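First up is the structure itself, then whatever we jot down about it.
The values are calculated or read from the model by the stated rules, or taken from the named source; none is laboratory data. These figures come from a predicted structure and were not determined experimentally. FYI the Cβ positions are ideal-geometry reconstructions off the backbone, even for glycines, and counts take in every protein chain you see. Keep in mind that these areas ignore ligands, DNA and RNA; they rest on the heavy atoms of the full protein, side chains included. Shrake-Rupley method; radii C 1.70, N 1.55, O 1.52, S 1.80 Å.
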Amino acid sequence: QLPLVLAVLTMTIGNICALWQKDIRRLLAYSSIAHGGYLLIGLAVSAANLSSESHQAAGGAGAMLFYVLVYALATMGSFCTLAYLGSPRRELSGVEELAGLARNQPLAAAALAIFMFSLTGIPPLAGFWGKLTLFGSAIQLAAANQTANTSLALWFVGLAIGAALNAAIGAAYYLRIIGVMYFQSPSTPAPAKGGALALVGGVLCALLVIGSGMFPAQIVGLSLRAEQKLVEHNHVAPAVTNAEPVVASNR
């Protein structure tokens with residue numbers, strides 16, 4: 001139950017702190033705490049499953065691996081784009097500094113919008129599938145234990161509900177950034193002197209986010225197979241270890 005409580009507390013604190021931020025870098029920093037809470041869902045699912053008698057992979061660790069990839073792409077792309085929009089003397093930090101960015105820097109604004117939509121969990125981008133696999137793993141575990149362990153099932157249903165509510169809170173500040181870029185009049189144009197390489201990095205990450213969202217099954221499948229092999233290894237190794245003293249005694 002401890003990972004479940006930590007997951008809810010972490011994502012709630014991170015989202016509430018990010019909700020009031022006017023500095024986009026601090027906003028992304030606090031939101032990373034919330035995403036850490038989402039990752040704890042997968043940890044809780046794996047811990048609950050490995051402590052059961054079945055010892056079968058339930059998708060928790062696999063969902064974590066996929067979500068880490070999705071989150072890393074969106075976050076790296078966001079900071080690359082922000083680096084491009086700044087200058088060597090002053091970095092762009094305030095959310096209001098992005099006002100009217102779609103008119104002055106349409107490519108950078110489009111890349112940032114893709115990252116914000118993905119972090120929000122808007123389909124069909126990769127962030128949607130990341131949240132779906134994590135939240136779905138909690139629901140699947142609850143469904144599998146609804147008769148054998150009703151208390152555990154209720155805990156994980158509550159965890160999935162809490163995660164969905166937190167995702168809605170996160171949508172508020174991510175979509176606010178998009179609104180500022182596309183629907184507010186520009187005040188002072190962004191310097192955009194961070195170098196073309198930073199923009200290339202942001203655009204490349206945006207393309208990977210789109211591609212991961214269009215073909216998520218292959219990546220999720222790799223993550224789930226990695227989890228299954230880990231589970232099998234952890235439960236085969238003790239059996240081999242316990243057999244060694246028996247062989248020695250026969251000698």
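Got a sec? Charge dipole of the chain, +1 on Cβ for Lys and Arg, -1 for Asp and Glu; which of SER185, LEU112, LEU134 is way out at the positive end?
Of the candidates, SER185 comes out farthest on the positive side.
Sort 122-134, 25-37 for me by packing, meaning the mean count of neighbouring Cβ atoms within 10 Å per residue, highest on top.
122-134, 25-37
At 222 nm, what helix-only mean residue ellipticity would the chain give, in deg cm²/dmol to the nearest 500, using -39500 (n - 2.57) for each DSSP H run of four or more?
Rounded to the nearest 500, the figure is -27500 deg cm²/dmol.
Restricting to Cα pairs below 8 Å that are 6+ residues apart, what does the relative contact order work out to for region 94-209? Please round to a whole percent.
Relative CO of region 94-209 lands at 45 percent.
So what's the net charge close to GLY86: Lys and Arg +1, Asp and Glu -1, counting the other residues with Cβ under 11 Å from its Cβ?
Numbers: positive: ARG25, ARG89, ARG90, LYS193; negative: GLU91, GLU97.
Neighbour charge sum, excluding GLY86 itself: +2.
With a 1.4 Å probe and all protein chains left in place, how much of the accessible area of the chain comes from carbon and sulfur atoms, in whole percent?
Its accessible area is 69 percent carbon and sulfur atoms.
Compare the peptides 183-194, 79-90, 110-121 by average per-residue count of other Cβ atoms within 10 angstrom and give them in order, highest first. Present the calculation step by step, with values, prior to reporting the outcome.
Details: 183-194: 14.3, 79-90: 18.8, 110-121: 24.6.
The most tightly packed comes first, giving 110-121, 79-90, 183-194.
How about LYS229: which lysines have a C-alpha closer than 26 Å to its C-alpha, ignoring those fewer than 8 places off in the same chain?
Reachable lysines: LYS131.
Given a cut-off of under 8 Å on Cα pairs at least six residues apart, what relative contact order in percent is computed for region 11-124?
RCO, region 11-124: 22 percent.
Suppose every K and R has +1 on its Cβ and every D and E has -1 on its Cβ; what is the size of the dipole of the chain about the Cα centre, in Debye to the nearest 20? If you can, show how the numbers build up before the last one.
Details: 12 positive and 8 negative charges, 118 e Å.
Charge dipole of the chain: 560 debye, to the nearest 20.
Skipping prolines and chain starts, which residues have an amide H placed within reach, meaning under 5 Å, of the one on GLY94, given they are 5 or more residues away or on another chain?
ILE24
Kindly write out, for region 11-20 in residue order, the coupling ³J(HN,Hα) from the Karplus curve 6.51 cos²θ - 1.76 cosθ + 1.60 (θ = phi - 60°), rounded to whole Hz, with x marking Gly and Pro.
5, 5, 4, x, 5, 5, 5, 5, 4, 9
Taking only protein heavy atoms into account and a 1.4 Å probe, give the accessible area per residue of the chain in Å².
50
For region 105-114, what does the Karplus curve 6.51 cos²θ - 1.76 cosθ + 1.60, with θ = phi - 60°, yield as ³J(HN,Hα) per residue in whole Hz, taken in order and with x for Gly and Pro?
In residue order, the calculated couplings are 9, x, 5, 5, 5, 5, 4, 4, 4, 4 Hz.
Mind listing the phi-derived Karplus ³J(HN,Hα) values for region 189-197, rounded to whole Hz, using 6.51, -1.76 and 1.60 with θ = phi - 60°, and x for any glycine or proline?
x, 5, x, 6, 10, x, x, 5, 4
Let me check against my output: what whole-number percent is the relative contact order of the chain, with C-alpha pairs under 8 Å and at least 6 apart?
28
So what's the gap between the Cα centers of region 153-203 and region 1-19, to the nearest angstrom?
Region 153-203 and region 1-19 have Cα centres separated by 18 Å.
Rank these residues by their accessible area, most exposed first, probe 1.4 Å: VAL70, VAL8, VAL200.
VAL200, VAL8, VAL70
Looking at THR75, PRO3, ASN49, which one has the Cα that reaches farthest to the positive end of the dipole of the chain (charges on Cβ: Lys, Arg +1; Asp, Glu -1)?
Selected residue: THR75.
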